[in-house]
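One structure is given below, encoded as structure tokens.
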Amino acid sequence: MKFKHSRKTFRIRQEDMLKQLREEIVSGEKPAGSYLPSEKTLAEQFGLSNKSVRQVLDILVDERLIEKKPRIGNVVVNRQEQQTITLKLGHHSPILHESELKDLLAAFHKKHPHIHVQDVVLPSGSNPEVLKPYLDHGIIDVMTLNDYEFQNIVETGSGEYLTPLEPRPDIYPFLSEAFTADGRLLAQPFLFSPTILCYNRDHFTENGLPEPDDSWSWDDLFEAAGMLAEKNERIGFYFSYSQRNRCVALLLQHGAAFERDDEGRVKLCGTGLMNGIRFYKDVISNRIPPLPYEQEANFHAEDLLGQGKVSMIITTYLGINHLRKYKVNFEVAPLPGYDHPATHVIAIGLAVNRQSPNLEAARLLVDFLTQYSTQLVIRQKTLSLPAWQAAAEWAGEESIYRPSRFALFRELIPGFRYGGELGLSESEWNVFFKEVFMYWSGLETEESFCRRMEELL
């Protein structure tokens, strides 16, 4: 047992003790009026010194979960005197389907009957100014954040709204890094996904075409798309070109970032990144049809593939959950290669509002949603990728349709890149992505666009 403990770091062992005792108390497993084991027993159980054990117990006292009785021990406080706890979990609407969140929250309530969780849908593309009222007025206790929303919070000095959390060693390290600022983990990784190609296998079979593989170039894709298209019936290739993540995925493939001069101003004219911006313009102008704006037409590229109206799309593991309602024989593959073997990855984390009146219950919810058993439910019941490595890489009997190359993400991990690696702050990115559509729409020359961007950024 001592050898087992020695394999963990001191901080992790302390966190293990804190989480276990907190959950046993909040769940009622250790009833009010009962005493915790002695400090000596706890020290042996968790491989800690008596001093370290007392530090954990002090935290539980501060959280009003236990009371220290001199020369007697540590007694569990009577929580029945407290009101039933209601937590508010803020999230963007797609997460409900992408994680089967309602089922997860029902399981949490079953385990902790005195804690009710209300899910609150946050506005799309929430920035710190939008989120602040939710945090200040206690509208949300816990919220989901993607990596660029987190970057925006940190850049605007709003990181102090979030409660530091302890890293979980079983979660992919590259995900924890995405939610770390100044050495503090401010959101616990929950889900992630690389950007991938998804296609209808039957369309390829009907046309006698080989399916996409790791050797495909963009020219290979465009050639296949032309052969797969059928007038007034279906298109060969499409993606949601107005989505930021699709643009980022293709720009990262060019292996360049926004350059800056000695004064820190962005340089764009004649740079490698401009090659990527030019390539994106060619793709959306000449390689995909001008379908109606998705938000106005109320459809997704994934729905078109599910209905057999498109043969190939750019999407994510999160996105292919839309295909679960269709009977379509789909498969996944890496995006075609370009100059640089980079794959855009998206991370979604769970953050705790530092001003929540129910901090211990909020942390308990985050712990529950990111523990192995819950993460395994996500892996088995959805097509999303949980942050816990062993859950994401689980192999066993499947209960839903899953593409044969589902484990592709493991091959792509060495090339994972976040959008922040393009070198723009969130405020700069918002300016760029708004203005670049003038150039992509053919309403501005490349020279004019470059000069204007360098002035604005």
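Pairing residues of the stretch 406-435 that are acidic (Asp, Glu) with residues that are surrounded by fewer than 18 Cβ atoms within 10 Å (Cβ to Cβ) and assigned to a helix (DSSP H, G or I), at Cβ distances under 9 Å and at least 6 apart in sequence or on separate chains, gives Glu426/Glu155; Glu428/Leu456; Glu435/Arg452; Glu435/Leu456. Taken over the stretch 183-221, the criterion of being assigned to a strand (DSSP E or B), outside the structural domain of Val352 (by the TED database) and surrounded by fewer than 19 Cβ atoms within 10 Å (Cβ to Cβ) is satisfied by Ser217 alone. Thr271 meets each of the listed conditions (1) without any contact (Cβ under 8 Å) to a residue 24 or more places away in the chain; (2) touching a His at 6+ places or on another chain (Cβ under 8 Å) apart from (2). Being surrounded by 16 or more Cβ atoms within 10 Å (Cβ to Cβ) and touching a residue at least 60 places away in the same chain (Cβ under 8 Å): is that true of Arg246 here? For Arg246, the condition - surrounded by 16 or more Cβ atoms within 10 Å (Cβ to Cβ) and touching a residue at least 60 places away in the same chain (Cβ under 8 Å) - is met. Considering only residues in the stretch 119-150 that are modelled with pLDDT of 95 or more and of a type in the set (S, T, N, Q), the one that is nearest to Leu364 (Cα to Cα) turns out to be Thr144.
Of the strands (runs of 3 or more DSSP E) entirely within the stretch 55-124, those holding at least 1 residues that are touching a Ser or Thr at 6+ places or on another chain (Cβ under 7 Å), not aromatic (Phe, Trp, Tyr) and not assigned by the TED database to the domain that holds Ala351 occupy 73-76.
Of the residues making up the stretch 431-457, those that are among the acidic types (Asp, Glu) and within 26 Å of Ser240 (Cα to Cα) are Glu435, Glu444, Glu446. Among all residues of the stretch 32-50, there is none that is in a helix (DSSP H, G or I) and either assigned by the TED database to the domain that holds Asp170 or within 28 Å of His116 (Cβ to Cβ) (or both).
Filter the stretch 140-171 down to the residues that are assigned to a helix (DSSP H, G or I) and without any contact (Cβ under 8 Å) to a residue 40 or more places away in the chain and list them by number.
Step one: of the stretch 140-171, the residues assigned to a helix (DSSP H, G or I) are 147-155, 159-161.
Within the stretch 140-171, Glu149, Ile153, Val154, Gly159 meet the criteria.
The values are calculated or read from the model by the stated rules, or taken from the named source; none is laboratory data. Keep in mind it's a predicted model, so treat the numbers as computed, not measured. Methodologically, a virtual Cβ is constructed for each residue, glycine included, from the backbone with ideal geometry; neighbour enumeration extends over all protein chains shown.
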